[in-house]
Amino acid sequence: MSRPRHRFLLGVLAVFVLSSCPQLLSQSNSGQTPAPGSGGKVQAPIPLSNAGNQSDSEAENLVINVDLVNVLFTLTDRKGKLVTDLEKADFRLFEDNRLQNITNFSRETDLPLTISLLIDTSTSIRDKFKFEQEAATDFLARTLRLKKDKALLISFDSAIELVQDFTDDPELLRKAIHLIRPGGGTKLLDAIFLACQEKLKAETGRKIMIVISDGDDNLSLETLNSTLEMAQKSDVSIYTISTNASGFFGISAPKSDKLLKRLAEETGGRAFSLQSRRFIPEFSRYRDRVAKSVFSRLPFL
């Protein structure tokens, strides 16, 4: 008869000890002693579940650098009409003759258009400067949509100047275009690089750059490869307008025109040349297609 009683006493003792443990554990786990003048009170310890979160998270995090590249393009048929009904399965993407994995595919329509207009103001284009002003003014007047699109104006010669920052007002841009004057050397590649890095990289939506120049770069510190890399990382398509009167795609095309052509082709843009006054209506027709074009993204690993 005594064993059950002992068990009962042990059970009561166990309950008493366990009920007293929280206060004891609180003081033990906190590792703190009562502060002077605190009346013997000890601050509540940080819960173990929270205290361990930071170290556990840091131990479990694994950082891996992955290059995700956006490839912007516009697809047209033989008649120049936009093709907009293709799907991811219709494309194959190669880099150095190696097939790449296309991870995402999407179409982007009617997005805000951000334009960076770069005008060559070097001495070499002095006799064609009026054409540059007319082409730039005409393009912006017909392209910008109020409260949706925006454009800026940069002039470049031996210096690079932001003449007009982003605005959707064609009149402000027109006035800025007619304020610039030619003179000096040419920093074409530097101007493109800085425009992408400082003004376009952080922008969203469709981003295009219009470069009006003879392509005769003689002062830039940036190389063609570094400039192309910056434009591609910034998702900027470059459209070049050559002011050289020679045939753009013919054998007689100067080296500077070939530079402009490569800038356009490797960023998803297009190159134009000044062969006659007929250039203006041709460029205007293509400008309208650019403004309404569908930019598809093909990020790949």
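Say we look at the stretch 79-93 and pick out the residues that are at pLDDT below 80 and in a loop (DSSP other than H, G, I, E, B); which of these is surrounded by the fewest Cβ atoms within 10 Å (Cβ to Cβ)?
Restricting to residues being at pLDDT below 80 and in a loop (DSSP other than H, G, I, E, B), the top hit is K79.
If you scan the stretch 111-157, which residues turn out to be touching a Lys or Arg at 6+ places or on another chain (Cβ under 8 Å) and of a type outside the set (A, V, I, L, M, F, W, C)?
Hits for the stretch 111-157 are P112, T114, S116, T121, T137, R142, T143, D157.
Of D169, D190, which residue is more than 20 Å from G269 (Cα to Cα) and either in contact (Cβ under 8 Å) with a residue 60 or more places away in the chain or assigned by TED's automatic domain parsing to the domain that holds A135 (or both)?
Step by step, each of D169, D190 is checked, and only D169 is more than 20 Å from G269 (Cα to Cα) and either in contact (Cβ under 8 Å) with a residue 60 or more places away in the chain or assigned by TED's automatic domain parsing to the domain that holds A135 (or both).
Does the stretch 228-240 contain any residue that is modelled with pLDDT of 95 or more and closer than 22 Å to P254 by Cα?
So far as the stretch 228-240 goes, yes, one or more of its residues are modelled with pLDDT of 95 or more and closer than 22 Å to P254 by Cα.
With L194, L189, L221 as the choices, which residue is modelled with pLDDT of 95 or more and not in a helix (DSSP H, G or I)?
L221 is the lone residue from the list that is modelled with pLDDT of 95 or more and not in a helix (DSSP H, G or I).
Do the conditions hold for S55, that is, is it outside the structural domain of I238 (by TED's automatic domain parsing) and either more than 18 Å from V163 (Cα to Cα) or at pLDDT 75 or above (or both)?
Answer is yes for this residue.
Going by what's in this entry, would R181 be described as among the basic types (K, R), touching a residue at least 24 places away in the same chain (Cβ under 8 Å) and in a loop (DSSP other than H, G, I, E, B)?
The answer is yes for R181.
With respect to G247, is the statement that it is surrounded by fewer than 20 Cβ atoms within 10 Å (Cβ to Cβ), on the phi > 0 side of the Ramachandran plot, at pLDDT below 95 and not aromatic (F, W, Y) true?
no
Out of (1) modelled with pLDDT under 95; (2) loosely packed, with under 15 Cβ neighbours inside 10 Å; (3) among the hydrophobic types (A, V, I, L, M, F, W, C), what's the single condition that is false for I212?
Among (1) modelled with pLDDT under 95; (2) loosely packed, with under 15 Cβ neighbours inside 10 Å; (3) among the hydrophobic types (A, V, I, L, M, F, W, C), the lone unmet condition for I212 is (2).
Going through the stretch 97-146 one residue at a time, which ones are within 22 Å of the chain's Cα centre (by Cα), surrounded by fewer than 19 Cβ atoms within 10 Å (Cβ to Cβ) and of a type outside the set (S, T, N, Q)?
I102, F105, R107, E108, D110, L111, P112, R145
Against the condition out of contact with any strand residue (DSSP E or B) (no Cβ under 9 Å at 6 or more places or on another chain), in the same structural domain as L259 (by TED's automatic domain parsing) and closer than 28 Å to T74 by Cα, how does E222 come out, does it pass?
It is true that E222 is out of contact with any strand residue (DSSP E or B) (no Cβ under 9 Å at 6 or more places or on another chain), in the same structural domain as L259 (by TED's automatic domain parsing) and closer than 28 Å to T74 by Cα.
For residues that are among the hydroxyl-bearing types (S, T, Y) and in a helix (DSSP H, G or I), tally how many sit in the stretch 106-164.
Residues flagged as among the hydroxyl-bearing types (S, T, Y) and in a helix (DSSP H, G or I) within the stretch 106-164 amount to 4.
The values are calculated or read from the model by the stated rules, or taken from the named source; none is laboratory data. On a predicted model such as this, the values are computed, not experimentally measured, just so you know. Note that we place each Cβ from the backbone using ideal geometry, even for glycine, and neighbour counts take in every protein chain shown.
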